[in-house]
Structures are given as C-alpha cells and as structure tokens.
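Only the coordinates and a few stated rules stand behind these numbers; no lab work does. This is a predicted model, so every value here is computed, not measured. Please note: Cβ atoms are built from the backbone with ideal geometry, for glycine as well, and neighbour counts cover all protein chains shown.
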Amino acid sequence: MLHDLLSLLFPEVCYACDGVLARGEKYICTGCNVKLPYTDFHAHGATELNTLQRRFWGKVPVRFAFAYLHFRAKGRVQRLLHRLKYKGAQELGEHLGLRYGSLLSEYHYPTEFDLVLPVPLHKTKLRKRGYNQSDSFAKGIAGAMKLPWNNNTLVRTTNTETQTRKNRLARWQNVEEVFRVAKPEAVKGKRVLLVDDVLTTGATLEACAVVLLAAGCAEVSVVTIAAA
Ligand SMILES: [Zn+2]
C-alpha cells in the first residue's frame, strides 16, 4: 500500500529512456531491454572474429576482450552510462555486471579467469564521486561469475584528467606513473579480468594491462559495459 503510494508520487524511471517503470521492472524497462545494442564479442572468444580484441593487437597482449553493449552517442547506452557515472546510479553498474556476468557464465568463461579488477579512479575523483562506476560493474561481473574481486590491488597514482589532451606517445611514456599494482603478490601468475565502463581508444585498459603484466600476472583480459 505504502509502496504503491510512493511509486505513484515518485515513479521509478527507466535509466535508458526515462519512461516510467512498470511493476516488476528494475532500472531498465522491457522495451529498452529488447532494443539495447548488445554485442556478440563473447561468442567469438579469442579468435580473430572478436573485433574488439583485435583492437589491442600490436599494443599489448589481451586474451579476451568483451563489451556488453555497443556505445552510440545520444542513445540508450549513453543515457545509461551518464546515469551511472554522473547521477549516482551506482546500483545500475552492478545490475549490468550481474547480467553480463551471467551471460559470460553461460559461455563457460568463469574458468578462464582467477581475479576481477576494476580500472581504478584517482582517490581525489573517488572522493568527489563517492564510488567508482567501473568497480560497480566489476562487482556484478565477479558476483555472477563467482570469481574473486577487489578494488585495492590496482591503483591510479595520477589524476589523468589533465592528461587527456596529451598525445598517445606522451601518454605511453608515463603509463607507469598513472597506474600501479599496489600488491604484486596478489596478481602474480593470475589470469586477470580487467573491468572498465567504456572502451573508446582502449588506451586506459592498455595502460593497466601493461603494468599488470609487468607485475607478473599470467594474462590480461578486458570487459567493459560499452565499446565505441
Ligand atoms: Zn526504457
């Protein structure tokens, strides 16, 4: 009764289209769930048909590369990411992680990884936002795949906001100043699944993969909510 009254006064809206959610719908309405631009990268494993994984060729060894959705500007995916990143919808990250993690489990991927790690935020930014959106997604992924996960092994030592204007080479040269493995013993010999929110150039994931491999992890795979 109270719940009905509250939902009448403050209806919950779909994070992808802002439409009012029907009873039983959570975060994303049924219509959007059908229309979201899902990828099929996971169906191609580490073969060359996985076009996302190919983007890392010649840069850094990445075993598997997955993204749940295709990023499209001004579309549902952009709205989802905006809610997750700037509107406090931390629970949405975990929800999407649980969904994609379940799908990856259907494809038998849990046995391919030992540890799930999110791309970290700089502590100043984390304090400002209150949460790391990639960490929320990572938590859902790890939960669905029943894999160990933590957010203190890989750390960001530099606030990269100021670096986005630098060119690729300049960024490359100070990669090791941006990310650091705080506990190398935690990644040694491990097959790490690295998690981020969006893949655009892949430079951030590449930078993390470089330091993880240098710290002794066996191999790195990547997964994001969306890929542009
Ligand atoms: Zn919707």
**Request:** Have a look at Gly143, Leu104, Ala182 and report the one farthest towards the positive end of the charge dipole of the chain, computed about the Cα centre with Cβ charges (Lys/Arg +1, Asp/Glu -1).
**Result:** Ala182
**Asked** By average Cβ neighbour count within 10 Å, what is the ranking of 111-119, 79-87, 53-61, 217-225 from highest down?
**Response** 217-225, 111-119, 79-87, 53-61
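Report, in deg cm²/dmol and to the nearest 500, the calculated mean residue ellipticity at 222 nm for the chain, where each DSSP H run with n ≥ 4 adds -39500 (n - 2.57) and the sum is divided by the residue count. Walk me through the intermediate numbers first.
Working: 11 runs with 92 residues, N = 228.
Calculated from helices alone, the mean residue ellipticity at 222 nm is -11000 deg cm²/dmol.
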**Item:** Cα centre as origin, Lys/Arg/Asp/Glu Cβ charges: the chain dipole, Debye
**Value:** 740
**Item:** Sequence-separation-based contact order of the chain, relative, with Cα cut under 8 Å and 6+ spacing, percent
**Value:** 21
**Request:** Rounded to the nearest Å, what's the spacing between the alpha carbon centres of region 121-153 and region 180-228? Just the number, please.
**Result:** 13
**Prompt:** Can you give me the relative contact order of region 30-144 as a percent, contacts being Cα pairs under 8 Å and 6 or more apart?
**Reply:** 26
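From the Cα gyration tensor of the chain, with a ≥ b ≥ c the square roots of its eigenvalues, which class applies: rounded if a/c is under 1.5, or else prolate if a/b is larger than b/c, or else oblate?
Values: a/c = 1.79, a/b = 1.54, b/c = 1.16.
Verdict is prolate for the chain.
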**Complete:** With R₀ set to 25 angstrom, the calculated FRET efficiency between the beta-carbons of Lys87 and Ala43, to the nearest 0.05, is 0.20
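In region 177-214, which trypsin sites (Lys or Arg not before Pro) are in a loop and have at most 14 other Cβ atoms within 10 Å, using DSSP for the loop call? The partial results should precede the final answer.
Numbers: sites: Arg180, Lys188, Lys190, Arg191; in loops: Lys188, Lys190.
Here the trypsin sites (Lys or Arg not before Pro) that fit, given the DSSP loop and packing criteria, are Lys188.
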**Item:** Arg180-Thr30 pseudo-label distance in nm [points 7 Å out on the Cα-to-Cβ vector]
**Value:** 5.2
**Request:** Convert each backbone phi in region 40-50 into a coupling constant with the Karplus relation 6.51 cos²θ - 1.76 cosθ + 1.60 (shift: θ = phi - 60°), then list the ³J(HN,Hα) values in order as whole Hz, x for Gly and Pro.
**Result:** 10, 4, 5, 6, 9, x, 9, 7, 6, 6, 7
**Item:** Amide H within-cut-off set for Val116, under 5 Å, with H built and near neighbours excluded
**Value:** Trp149, Asn150, Leu193
**Request:** Decide, for region 16-69, between rounded, prolate and oblate: order the square roots of the alpha carbon gyration tensor eigenvalues as a ≥ b ≥ c, take rounded if a/c falls under 1.5, and otherwise choose prolate if a/b is larger than b/c, else oblate.
**Result:** prolate
**Item:** Rounded to 5, the percent of DSSP beta bridges in the chain classed as antiparallel
**Value:** 25
**Asked** How far is the Cα center of region 85-108 from the Cα center of region 21-47, in Å?
**Response** 10
**Message:** Compute a Gaussian network model of the chain, connecting alpha carbons closer than 10 Å, and tell me which residue from Leu147, Leu96, Leu126 fluctuates the most.
**Reply:** Leu126
**Asked** With θ set to phi - 60° and the Karplus curve 6.51 cos²θ - 1.76 cosθ + 1.60, what are the ³J(HN,Hα) couplings of region 186-197 in order, to the nearest whole Hz, using x for Gly and Pro?
**Response** 6, 10, 3, x, 8, 9, 9, 9, 8, 10, 9, 7
